[in-house]
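The values are calculated or read from the model by the stated rules, or taken from the named source; none is laboratory data. Small disclaimer: the values here were computed from a predicted structure and weren't measured. Every residue, glycine among them, receives a Cβ derived from its backbone with ideal geometry; neighbour counts consider all protein chains shown.
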Amino acid sequence: MAFCRGDKVEVCSKQEGFVGSYYAATVIKNYGNEYAVQYKNLVAEDDQSRPLIVTVAGNELRPRPPKVLATGFHALDVVDVFDNDGWWVGKISFL
């Protein structure tokens, strides 16, 4: 899937302790198989007043999902859960 400048995406983290979580970002440059993205909620390590900008492989991106009402879950359903500014895969363990 190709993305264009301005597309709202989620970036899959490959950082230890965060593997498999997704964080909201905007594409700022398309390099073909790689993209420069600016994170919505993550900041630069050296200047926490600036949003973090990184270059990632295309297979680390997915489109942001539409907003939906979360209802009708059942025990053992696999879900994405928003926590600590990112989306994490989880499983409903009880209701």
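A few comments on the model shown:
- Search result, residues across the range 65-83 that are under 14 Å from the mean Cα position of the chain (by Cα) and either touching a residue at least 60 places away in the same chain (Cβ under 8 Å) or more than 25 Å from E16 (Cβ to Cβ) (or both): P65, P66
- Enumeration of residues in the range 1-20 that are out of contact with any Pro (no Cβ under 9 Å at 6 or more places or on another chain) and not in a loop (DSSP other than H, G, I, E, B): V11, C12
- Candidate set: the range 37-61, residues that are over 14 Å from the mean Cα position of the chain (by Cα) and of a type in the set (G, A, S); chosen: the one surrounded by the fewest Cβ atoms within 10 Å (Cβ to Cβ): S49
- Restricting attention to the range 5-20 and to residues that are over 15 Å from P65 (Cβ atoms) and at pLDDT below 95, the residue that is surrounded by the most Cβ atoms within 10 Å (Cβ to Cβ) turns out to be S13.
- Among the residues listed as Y35, Y23, the single one being closer than 22 Å to V81 by Cα, at pLDDT 90 or above and not in a loop (DSSP other than H, G, I, E, B): Y23
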